[in-house]
Every structure is written in C-alpha cells, then in structure tokens.
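Below: one structure, written as structure tokens.
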Amino acid sequence: LAAWSGRLDDARGFARDPGAFDRGRPFAEGASRQDLEVLGKVARRELPLVVSAQAAFQIEALLRWRAAEQIDLVIDGAAEGGKVAPQLAAAKVPVIVDPLVYGPGGFDQLGARADNAALLAAAGVEVILSNHATHHARTLRQVAGNAVRGGMPHDAAVRAITEVPARGFGQADRGVIRAGAAADLVLWPGDPLELASRAEVVWIGGEETSLRTRQTALFEKYRTLPGTPAPALSLP
C-alpha cells in the first residue's frame, strides 16, 4: 500500500506540473506519462482503483488506506469478504468475487465459503460476480447461478453480472433496462442462469445481432462427414 501511495502522490504531482515529466523528474518505478495520467483520474475519483485482496485483514487494511487516500476502490477476490461485509457496505466499496471459491485455495482464503456472495449481498455490499477467466467469459451466467445456489437472491445475482459492474466502473447507462440506457438486450426462453437456457435474440445498441459464431460454423461444417454415420453391423 505504501507503494500505491507513492504512485498516487506522483500522479498528483504530475497533475500540478505535467512539464516535470519532460524535465526528467523521477517518478515511482519508472511510471510512464500514460500511467500518471490514468492514476491522476484515480486520485481525482474519476476512476476506481482495483486492488486484489482475499483475506479479511487485507480487506480491512485496504479500507483504512482508501479512507486516508480519499479514492474510489474496487476489491477483487474478497474470498473472506463475508467476514467484513458490514465494513465494506459502510465504505460503499464494491467487490468482485468468484462464487466457486468456496474453500481454502491458499492461506489468504482459509475463511472462504460457498455463501460468501450471499453474505456480502445481504449486508448491502455492491457485488460483482466474475470467473476471473476471459477465455471462459461465456460461463459467467453459470457462475451467477452458483451464487444463487449459495444463497444469493436471484435478482441480486442477475444485477451482479449486469447493472452493478457497469455502475461500479462508471457506465451507469449500461446493464439496465430503462429509457435512455444503452439498448443492449438479450431475449431468453427461460431463466438465463439455468444451463439449459440459450439466448434466442441479442440486440446491441438496439440492432439485432447475428448469433452465428466460429463455433456454430465449425459445427455445421463437420456435422456430417463422409462415412458417417457408420453403417450398422450385419450379424451372421
């Protein structure tokens, strides 16, 4: 945290005198101009700072540091967040959690439990659900379904993969259905958190979008191959 404080101090100094960078003033850890510009937005509370922390004591330390620095914070991980849910709610600090982290994956996750997301939501914490794997982003709704299995209200789980992450990162016009919001919508035949549900129609910016992907193209290409199905065996 001391290192982050130093970076923020540098960003504030850069904002007061951008020319100092060109004059060769040393900045923490060789920060680039782009680094200092982005951190300046964090210092001015135009962007939140995302910091990873799992253990309850780490989260408590981050909350004290955030109050001292007067910045907006998002805590990523929070495997033991349920232990300090009231403090997180009072500080209005959102958390990004994976509901499938429900056991000790390390010494900082000894208190991890399956109802972590439920405990956080019940305390009034802004919960963002994630599987922390970009190559498995398509499974996000299944992750939300596991949060419901752990006791999180269904509506809260849906908001945790739509409205809450958008609002937490300054995109309040997304993830909600209301006049003036971005018209990104999905039509489901049933519960979107159920494995059997498949998106029927998708609109991006109000325009219907094709659901054809590389996966569907490969499926169609190789669905029927020469010699398949194999002829039935004839028994003597």
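Got a sec? Which helices (runs of 4 or more DSSP H) wholly within segment 32-130 have at least 2 residues that are free of Cβ contacts under 8 Å to residues at least 60 places away in the same chain and farther than 23 Å from residue 5 by Cα?
By residue number, 85-91, 116-122.
Of the conditions (1) open to solvent by less than 70 Å² (accessible area, probe 1.4 Å); (2) under 24 Å from residue 156 (Cβ atoms), residue 40 fails just one. Which one is it?
For residue 40, the exception is condition (2).
Checking the structure you have, find out if any residue of segment 204-221 is at pLDDT 90 or above, of a type outside the set (Asp, Glu) and under 21 Å from the mean Cα position of the chain (by Cα).
Taking every residue of segment 204-221 in turn, at least one turns out to be at pLDDT 90 or above, of a type outside the set (Asp, Glu) and under 21 Å from the mean Cα position of the chain (by Cα).
Go through segment 180-216 and give me each residue that's open to solvent by less than 60 Å² (accessible area, probe 1.4 Å) and among the β-branched types (Val, Ile, Thr).
Result: 201, 202, 209, 216.
Give the residue that is farthest from the chain's Cα centre (by Cα), with candidates limited to residues of segment 128-160 that are β-branched (Val, Ile, Thr) and open to solvent by 40 Å² or more (accessible area, probe 1.4 Å).
148
List pairs: first in segment 160-173 and among the aliphatic types (A, V, I, L, M), second open to solvent by 50 Å² or more (accessible area, probe 1.4 Å) and not in a helix (DSSP H, G or I), Cβ under 7 Å, 6+ apart or cross-chain?
Listed by first residue and then by second, the contacts come to 164/126; 166/172; 166/174.
Test residue 125 against the criterion of being closer than 12 Å to residue 79 by Cβ and either in contact with a Lys or Arg (Cβ under 6 Å, 6 or more places away or on another chain) or surrounded by 15 or more Cβ atoms within 10 Å (Cβ to Cβ) (or both), and give yes or no.
The answer is no for residue 125.
Give segment 70-101 a look and list any residue that's more than 27 Å from residue 145 (Cβ to Cβ) and open to solvent by less than 10 Å² (accessible area, probe 1.4 Å), or say none.
71, 73
Those residues that are assigned to a loop (DSSP other than H, G, I, E, B) and open to solvent by 80 Å² or more (accessible area, probe 1.4 Å), I need them from segment 165-179; list them, please.
Of everything in segment 165-179, those that are assigned to a loop (DSSP other than H, G, I, E, B) and open to solvent by 80 Å² or more (accessible area, probe 1.4 Å) turn out to be 169, 171, 174, 177, 178, 179.
Can you find even one residue in segment 16-31 that is on the phi > 0 side of the Ramachandran plot, at pLDDT 90 or above and more than 18 Å from the chain's Cα centre (by Cα)?
No, that holds for no residue.
The values are calculated or read from the model by the stated rules, or taken from the named source; none is laboratory data. Bear in mind the structure is a predicted one, so any value in this text is a computation, not a measurement. Don't worry about glycine lacking a Cβ; one is built from the backbone with ideal geometry, like all the others, and counts go over all protein chains shown. For accessibility, only protein heavy atoms count, side chains too; no ligands or nucleic acids. Shrake-Rupley method; radii C 1.70, N 1.55, O 1.52, S 1.80 Å.
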